[in-house]
1. Mind listing whichever residues of segment 257-284 are in contact with a strand residue (DSSP E or B) (Cβ under 9 Å, 6 or more places away or on another chain) and surrounded by 12 or more Cβ atoms within 10 Å (Cβ to Cβ)?
2. Is it the case, given these coordinates, that PRO159 is at pLDDT 90 or above and part of a loop (DSSP other than H, G, I, E, B)?
3. Return the pair list, or none, for Cβ contacts closer than 6 Å from residues in segment 266-294 that are hydroxyl-bearing (Ser, Thr, Tyr) to residues that are surrounded by 13 or more Cβ atoms within 10 Å (Cβ to Cβ) and assigned to a helix (DSSP H, G or I), at least 6 apart or on different chains.
4. Might you check whether a residue that is surrounded by 17 or more Cβ atoms within 10 Å (Cβ to Cβ), assigned to a loop (DSSP other than H, G, I, E, B) and not hydroxyl-bearing (Ser, Thr, Tyr) occurs anywhere in segment 76-97?
5. Test ALA197 against the criterion of being touching a Phe, Trp or Tyr at 6+ places or on another chain (Cβ under 6 Å), modelled with pLDDT of 95 or more and in a helix (DSSP H, G or I), and give yes or no.
Amino acid sequence: MLGLGGFELTLTNVPPMVVLWPFLLAAGVYLVLRWVIRAPGGGTTAATVSQHALWIGVIGWLASSLQPAGNAGILPAGNTLPTLTTPPGILGALAWPVLGCLAVHAVGQLSYPGPRLPRRVASLEIRRIPDFLPRSLAWTAAAIFVGSALQIGFVAGLPAYEAIAYGTQQEGPNGFPSVGGDGRIQGSVLAACLGAAWLTLALGTALVLKLISHRKQLEALDAAENDLLRTIAMNRLLRTVATIAAGLAAVAGNFAARPDPAANASGWTNAAGLVVLLVLLAMWVWAPPRLPSV
């Protein structure tokens, strides 16, 4: 039994498929990537390696959507069952994109084939993350992570609102004004969940970057191309995790922008959501370098 912030989760109540599905998906991704990188005659070529790197980025991007968690912490005013108002529900919605993206990129590095030649060329070079890191993109991603952390920290101090069912007041000077609106949970609860996702994303990114830097040499590429492939992998990873970090800020922004339904506010705008759109467009066009032999 696990306890966190006032709730308890009994592991014996978790359906077996909930635990099994991530491993099945990881195995499926691994098999797909091994199929992509294999050349028709066996082994690998620069072209199949390039396609393999592209597929890692595409699958990781598809796994990174935070849309199901967009209304985390919001108490619906209607008869809709609130599924994202408790830590288990919120953490579950955040875990899939965060862990899914990191897992895809990690599996991608592990899916490269081993050496086939009878004689291997040994390398005593010590590979470090900064040697392959795309600096401008890395600083941009770091700034997005910092902005996301600040937005999450701001949410921690926001109060809760009770949801009020939609209806109309008695006739007044302006007719029959409508009342009601969605409420929200205590900001500290949502901030704890978002903070856990943010920390997992940051630490996981560092671990995958380390995995990329220590990836084994591929026989189909020379030393310079192997180094460039590591830079390509880091580019695709950083673009995706930067988008997720911005998405966490958007979830927090959606929560912070919701007005108190008791105040009868006419509307609200999630400014953080507009920033996420700009980040998404920037990351989309921030293309990685290409292998010269492709």
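The values are calculated or read from the model by the stated rules, or taken from the named source; none is laboratory data. All values reported here derive from a predicted model rather than from experimental measurement. Glycine gets a Cβ as well: all are built from the backbone with ideal geometry, and neighbour counts include every protein chain shown.
1. ARG258, PRO259, ASP260, PRO261, ALA262, ASN264
2. So PRO159 passes the test.
3. Once the first residue is hydroxyl-bearing (Ser, Thr, Tyr) and sits in segment 266-294, its partners that are surrounded by 13 or more Cβ atoms within 10 Å (Cβ to Cβ) and assigned to a helix (DSSP H, G or I) give SER293/ALA46.
4. yes
5. Against the criterion (touching a Phe, Trp or Tyr at 6+ places or on another chain (Cβ under 6 Å), modelled with pLDDT of 95 or more and in a helix (DSSP H, G or I)), ALA197 does not qualify.
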